1. Scan chain B and report its longest stretch carrying no GluC sites (Glu not before Pro) that are both in a DSSP loop and have at most 10 other Cβ atoms within 10 Å.
2. Mind checking the mean number of beta-carbon atoms from other chains within 10 Å of the Cβ atoms in B:157-168?
3. Roughly how many nanometres apart are two label points built 7 Å out from the Cα toward the Cβ at B:Val57 and B:Leu43?
4. Starting at the first residue of the range B:96-103, write each ³J(HN,Hα) from the Karplus equation 6.51 cos²θ - 1.76 cosθ + 1.60 with θ = phi - 60°, in whole Hz, x for Gly and Pro.
5. If I model a spin label at B:Leu238 and B:Asn71 as a point 7 Å from the Cα along the Cα→Cβ vector, what separation in nanometres do I get?
6. Considering chain B as a Gaussian network with a 10 Å cut-off on Cα pairs, which listed residue, B:Asn54, B:Asn213, B:Asn232, attains the greatest mean-square fluctuation?
7. Hey, what do the phi angles of the range B:135-143 turn into as Karplus ³J(HN,Hα) couplings, whole Hz, using 6.51/-1.76/1.60 and θ = phi - 60°, x for Gly and Pro?
8. Mind jotting down a quarter of the surface of the convex hull over the alpha carbons of the range B:67-110, in square nanometres, one decimal?
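The values are calculated or read from the model by the stated rules, or taken from the named source; none is laboratory data. None of these values were measured; they are calculated from a predicted model. As a convention, Cβ positions derive from the backbone with ideal geometry for all residues, glycine included, and neighbour counts pool all protein chains shown. Ligands, DNA and RNA are excluded from the accessible area calculation, which covers all protein heavy atoms including side chains. Shrake-Rupley method; radii C 1.70, N 1.55, O 1.52, S 1.80 Å.
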Amino acid sequence: MARRDPDDRGPADPGAVRVMATRSGLRVRLPRAGDVERVLEDLSRAVVEAGGVRGGAVTVDAAGRALDAAVLRRMETLLLEHHGAALLQVVEGQADDGGPETGSPGSRARGRSRQGHRRVRGVAAHGEREQAPEGPAAVPAGAVPQRSGASGEDVAAAGRAEAADVASGRGAEGPAPGADGAVPVLARARPGPARAAADGMQGLRVDMTPTLLVRRTLRSGQRVRFNGNVVVLGDVNPGAEIIASGDIVVMGTLRGVAHAGATGSAEAIVAAFRLQPVQLRVGAVIGRAPDGHPARADAPEVARLRDGALVIERFLPQGSE
Amino acid sequence: MSEVIVITSGKGGVGKTTTSANLGAALASLGKSVVLIDADIGLRNLDVVMGLENRIVYHLVDVVEGYCRLNQALIKDKRFDNLCLLPAAQTKDKTAVTPDQMRQLCKELKAEFDFVLVDSPAGIEQGFKNAIAGADTAIIVATPEVSSVRDADRIIGLLEAESMPPPRLICNRIRPAMVRRGDMLGISDILDILAIELLGVVPDDESIVVSTNRGEPAALSQGSRAGVAFRNIARRVLGEDVPFMNLDETNGFLGRLKRMFGSTR
Ligand SMILES: Nc1ncnc2c1ncn2[C@@H]1O[C@H](COP(=O)(O)OP(=O)(O)OP(=O)(O)O)[C@@H](O)[C@H]1O
Ligand SMILES: [Mg+2]
């Protein structure tokens, strides 16, 4: 293993990858120059040296470098497969940004205020689309949403066994005490405010939110957090976790923990080919599997909020309703 | 061609050392030259299971620190000339060795033996990282318990991150009667989650305890059901297509398992 002394490259070294811990995970600044292979290698090492990606999400500051789709995809794969982290966004910082290495409150505030004139690209779009940053820049780390009047322990039961009862407004165990007034009411109609129908496509529900495509099974201990939708082409095993500000779709069996609408959206859904999670969260509402032997899913299902309660329903393609 | 195989599990006490000893003995009995590395530094076990404790002079840490030559530390098995053990140090800990040193060691042994089997310690920390460092492939040992399967899944993810090829699975301590009653995970439940190739199913068997205490791997005694399972595993490692043992005479579901598995993956 060729070890380089980190002290060899001071803050002024233009060839160094620099890492800063932020609230939403790690922020990595690429060097302006240097071979792509070495940059990717250094990126991986810098993440390890920083003690991994705590927030599960990495923001890459391209610092004026041109990153083509192939490089972006490799970076995304590297972060996901070697560090269990999602590449949250690529931003263009100022090339002479000489901020401190650690995220002191001051530097964080400064970084945020600067985002106003930074161009933010949705990762899944691979740079083809540019959009102004809106809403929270990232899924907050440690994101159990705040609920007024209800503690995190007030879990609304939403097991499959009781799903029919819950759908009619009464779970077998009833809604958790304190949860009643606190949970947002779900509007059935879509699209919501974040879902704009494209011009000339009236009637079509088109979701333009960035979407992270995870082309693998997420195993125990692996976690994906993403500011947008997450689609998994594989299973989500017990001990794995997905947190998304938008919807979560699993094209396999979901046995781990999924949190859709993590920034507070009550309209988010969790859909899976086989939905057998230990725990589900949508917006500010938490549901857990019933104790004992859970019934096995035998068809694709969707979990969503109905009248503030998490319910699991058979998946019906839109339009067939 | 030679192969370095690490035997690992995440969870402790599921049968890594038992598997290493029995697979090693079975491969040796089939004529292959085998070296077993006990990578569980500080919790040395493999020498006892092999009945070789009284022959230890040097150990793995002595080798990497240059106190002795590799050949001086290799202990020849009582039963097979073509089977050797490189014991762990009992007085050091996992940090006494680095992954680079393990890689180098495995490389040297690979040049001399057909199989290098590395008995990994439990956990996912330094000892695990050392154990997998020089390995070409991995065998995961899991028992039919939810916690063991969860840990195995974590290990598979970590091996993927190291760009190792997909590991193969040994389900150890299966009790068909309990599976039938629904009190224990079945093989298909385990494969459902882990989705890796099944290398073998070893029954829960008293003869393992007896042979472990005697320092005689069960794979070498004819009467042991677990021994048969380990001999079958050895033949599968050599590339033979050995049907799965029918542990449960009443419905033979393990017999069907392989076909089922082969058709879905
Ligand atoms: N198939 C089996 N039937 C009965 N007992 C078994 C079987 N396999 C293992 N055991 C027993 O389980 C215990 C633990 O086995 P072993 O030492 O091989 O596990 P290990 O995974 O190496 O543990 P550690 O993580 O501590 O290294 C031993 O007492 C062993 O005899
Ligand atoms: Mg052991």
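1. B:1-239
2. Mean shielding count: 3.
3. Computed distance between label sites B:Val57 and B:Leu43 equals 3.0 nm.
4. Result, rounded to whole Hz: 6, 10, 10, x, 4, 5, 5, 4.
5. The modelled label-to-label distance comes out at 2.7 nm.
6. For chain B, modelled as a Gaussian network with Cα springs under 10 Å, the answer is B:Asn54.
7. My calculation for the range B:135-143 gives 8, 7, 9, 10, 10, 9, 9, 9, 9 Hz in order.
8. Computing the convex hull of the Cα atoms and averaging its projections yields 3.8 nm².
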